[in-house]
Amino acid sequence: MIKFALKNMAVKKVQCILIVVSIVISTSIAVLAYNVSSQVSDGITSNAGYYSVIIGPAGSKTQLAMNTMYFSDEPLGTIPYSVAMNLMQDGTRVNTVIPFAMADNYNGSKVVGTTSLYLKDKSIQCGEMMNDSSTMQAVVGYNVAKNNGLSIGDIIYTSHSATSLDTHKKGITVCGILNQSYSSFDNVVFTQVRTLWEMHEHEDEEEGNSHEATVCAVIVNTKNPAYAMQIVNEYNGKSFTDAHGDAYSTQAIEPMDAIREVLNDTDDTKYIVFVLCGIILLMNIIVISIITLLNMYHSSKEISLMRLIGISMKKINLLYLIQNGIIGIVSIVLAFGVSRLCMGMMNDYVSSMGVVLNMGKVYSSEIFILFAVFLISVIPTLIWTLVMSKRDAMEG
Amino acid sequence: MIEIKGVKKQFQNETVIEYKDMVFEDGKSYMLLGASGCGKSTLLNIIAGILSPTKGNVVIDGENMQEKSQPQRDKLRIKQIGYIFQDFKLINEMSVIDNINILRLEGINTKDAPELLNKLGILEKKKSKIKHLSGGQKQRVAIARALVKKPQIILADEPTGNLNFTIGEQVIKELVDVSRGKTLIAVTHDDRLAKYFDCVVDMNEMTSGMQDLVREGGLSND
């Protein structure tokens, strides 16, 4: 039966290929749109609850949150490291204080100066975590290591920006490589914040005049939410001048608030994508049903012929179900493959938003879409053969 | 044995054909001769179970076809009846052998197809698509498909209708030859072919008694 179905399909190969192509295009668009919008939304929310307060320079709180948590966009500026030092001494309210500085670039990957606390939830694939009391060590993200062929002990030279050819003279030794996390951490180089200061020749100032050292943000985890609110109130809109006369103005945010604003936008986008997915699916249903029905209509003569020579409607039904089932299965497998291929191509774009698309991530709704497409490709066959079975075989 | 008992067929356009009782004996070849529209093809379709009579019964080997369901009649047709259609009923885009192997869908063994095609002189065409064959070759494929399942009853509707007399005569000779020992009922309007059949039934005189219509040895050609 399957052999004959395949032969019958080979006879109509142009028709079959056109049907498969039309199903693949529409289905892959629906699956891709759903998956990407979901992963972008999930990726943004996954990190939002990690921190209580982020203190940084005055400006856009979204930019501060996105830069500190997802490495997207540019830092708003700098604040004195003394802010972090003061909070480190506040053992009553504060659990952890993590300095965050983003300065350099390594072959297009951003370099972040921080402490090992920032990476405490990340697992190391090989090597070890950087030593906070040392300098010139780097833990690199999975994609950075993969794309640059890095291994433990390699020395990397960073530059001021992605476009700059002028690298720092001092190299940083790779001491660890992170496991793949399908997040923006895969694309970043992490080093001690002191390393960045050394690279920018702040080491002398750091030793003698700590107020000269700056960071882009200070991430704080408090002992309870009330302390977080207190710290936000203390540092939000605070202006001060350091010993060298440099003026600073800070803002303090609760990351969930800032992310909630972003999420409101992405939720709208996601909603629009879902509506579009629905429209595409509806078009899928119409297009695939029409194509399948036309296909079956053209096969009416063949069905009548088979009935006249004595092939039962049961066998004819089964034959066409197998044919259209094969077309459906081939189409959904190809559609899934095409959607993943497109995701791979889109990764560069969405990673700039701090999200790395996981091509292996399959949502249950995607399975539903693919299953629906398969059903749509076989149900018209059942309807048509049912109609044909009610007709006189001589009518064909 | 095929018995036609009081069969009447009324079509939607209200054309009514009434058949006199007839008996087709096992192992004999019959030629149904008559003018267009006299009901020759309709009778074949009723015997094959493709059409149901409005009234009356067709009994094949003691089994009343009208007591059977359509799937049961289809099963009987695929197992016991080889039907050669006037317009061949072949799938043009498929090869000769695939047109025969289509019967495998119903579990029919078609391993004798090459031998049969050889006997009919078209073995070398077995992989050719039907659309590339001549009318005579298509007719032979239709005959091969009808006979490959070794049916007890062979029905042929105008098997020479699309062929010139010389090729048509050759096809009839081959058909009668390969159908030897089986019940063959062939419809034709060309009485020159009657000599190849055991019996000739003049369908124009259906109101007459069966015995009057059948002349052993066939009609003369003149």
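Bear in mind these aren't lab numbers, they're just calculated from the coordinates by the rules spelled out. Owing to the predicted nature of the structure, the values given are computational and were not obtained by experimental measurement. Cβ: placed from backbone, ideal geometry, glycine included. Neighbour counts: every protein chain shown.
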| said: Between helix A:225-235 and chain A, what is the angle of the helix's C-alpha long axis to the longest principal axis, kept within 0 to 90° and rounded to the nearest 10? | reply: 60 degrees
| Check B:VAL187: other-chain or 5+ apart residues with amide H under 5 Å from its amide H, H built from backbone geometry? | B:LEU32, B:ALA156, B:ASP157, B:GLU158
| query | Could you state the principal axis extents of the C-alpha atoms in the protein assembly as shown, from the largest down, to the nearest angstrom? | reply | 133, 45, 33
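How about segment B:35-138: which trypsin sites (Lys or Arg not before Pro) there lie in a loop by DSSP and see at most 10 other Cβ atoms within 10 Å? Don't skip to the end; give the middle numbers.
Numbers: sites: B:LYS40, B:LYS55, B:LYS68, B:ARG73, B:LYS75, B:ARG77, B:LYS79, B:LYS89, B:ARG104, B:LYS111, B:LYS119, B:LYS125, B:LYS126, B:LYS127, B:LYS129, B:LYS131, B:LYS138; in loops: B:LYS68, B:LYS89, B:LYS111, B:LYS126, B:LYS127.
Those that pass, being in a loop and sparsely packed, are B:LYS111, B:LYS127.
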| note | Mean separation of Cα contacts under 8 Å (at least 6 apart) over the residue count of chain B, i.e. the relative contact order in percent, is 28 percent
| Over the protein assembly as shown, what is the percentage of antiparallel beta bridges among all DSSP beta bridges, to the nearest 5? | 65 percent
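When averaged across all projection directions, what area in nm² does the alpha-carbon convex hull of segment A:76-183 cover? Don't jump to the answer; show the numbers that get you there.
Numbers: hull surface 31.9 nm².
With every direction weighted equally, the projected area is 8.0 nm².
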| query | Considering only chain B, what is the antiparallel percent among its DSSP beta bridges, to the nearest 5? | reply | 45 percent
| task | Rounded to whole Hz and in sequence order, give me ³J(HN,Hα) for segment B:194-201 from the Karplus expression 6.51 cos²θ - 1.76 cosθ + 1.60, θ = phi - 60°, writing x for Gly and Pro. | result | 4, 5, 7, 9, 5, 9, 10, 10
| chain A - mean residue ellipticity at 222 nm from DSSP helices (-39,500 (n - 2.57) per run, n ≥ 4, rounded to 500) | -18000 deg cm²/dmol
| remark: PRE zone check, label point 7 Å out along Cα-to-Cβ of A:ILE329, amide N under 14 Å, scope segment A:369-388, hits A:374-375, A:378
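With the Cα gyration tensor of segment A:53-253 in hand, convert its eigenvalues to equivalent ellipsoid semi-axes via √(5λ) and list them largest first in whole Å. If you can, show how the numbers build up before the last one.
Details: eigenvalues 152, 72, 48 Å².
Listed largest to smallest, the semi-axes of segment A:53-253 are 28, 19, 16 Å.
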| query | Taking the Cβ-Cβ separation of A:ASP166 and A:ILE124 as r and a Förster radius of 41 Å, what is the calculated FRET efficiency to the nearest 0.05? | reply | 0.85
| query | Which value in nm describes the separation of the simple spin-label points at A:TYR157 and B:ASN204, placed 7 Å from the Cα toward the beta carbon? | reply | 10.9 nm
| message | Let me make sure I get this right: for segment A:77-122, a, b and c are the square roots of the gyration tensor eigenvalues over alpha carbons, sorted descending. Under 1.5 in a/c it's rounded, otherwise prolate if a/b > b/c, else oblate. Which is it? | response | oblate
| query | Long-range amide H contacts for B:SER29: which residues qualify at under 5 Å (H placed 1.01 Å from N, peptide plane, sequence gap of 5 or more or a different chain)? | reply | B:LEU184, B:ASP198, B:CYS199
| said: 7 Å from Cα along Cα→Cβ at both A:ILE290 and A:GLN230: what's the point-to-point distance in nm? | reply: 6.8 nm
| At 1.002 mPa s and 20 °C, Stokes D of segment B:2-213 from Kirkwood alpha-carbon radius, µm² per second | 123 µm²/s
| Length-normalised contact order of chain A in % [C-alpha pairs under 8 Å, at least 6 apart] | 27 percent
| Could you give the nm distance between label points at A:LYS361 and B:GLU115, where each point is 7 Å from its Cα heading toward the beta carbon? | 6.6 nm
| remark: Taking Cα atoms only, helix A:2-11 is inclined relative to the longest principal axis of chain A by an angle, in degrees rounded to 10, of 90 degrees
| Contour excess over end-to-end distance, with Cα ends at A:LYS146 and A:LEU386 and 0.36 nm allotted per residue | 80.8 nm
| message | With just the Cα atoms defining each centre, how far is segment B:29-64 from segment B:121-170? Give it in Å. | response | 22 Å
| field | Sum of side-chain charges, A:ALA228 neighbourhood, beta-carbon under 13 Å (Lys, Arg +1; Asp, Glu -1) | value | -2
| request: Output ³J(HN,Hα) for segment B:49-55: one whole-Hz value per residue in order, computed from phi by the Karplus curve 6.51 cos²θ - 1.76 cosθ + 1.60 with θ = phi - 60°, and x for Gly and Pro. | output: x, 6, 10, 9, x, 5, 8
| request: Search the structure for amide H atoms under 5 Å from the amide H of B:VAL23, placed 1.01 Å from N in the peptide plane, and list their residues when 5 or more places away or on another chain. | output: B:ILE4
| request: Determine ³J(HN,Hα), in whole Hz, for all residues of segment A:105-120 in sequence, where each value follows from phi through the Karplus function 6.51 cos²θ - 1.76 cosθ + 1.60 and θ = phi - 60°; x replaces Gly and Pro. | output: 9, 10, 6, x, 8, 6, 10, 10, x, 7, 10, 5, 4, 5, 10, 5
| request: Round to the nearest 10 and give me the degree value, 0 to 90, for the angle of helix A:313-351's Cα axis relative to the longest principal axis of chain A. | output: 20 degrees
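Calculated from DSSP H runs of 4 or more alone, at -39500 (n - 2.57) each and per residue, what is the 222 nm mean residue ellipticity of chain B, nearest 500?
Numbers: 7 runs with 64 residues, N = 222.
-8000 deg cm²/dmol, from helical runs alone.
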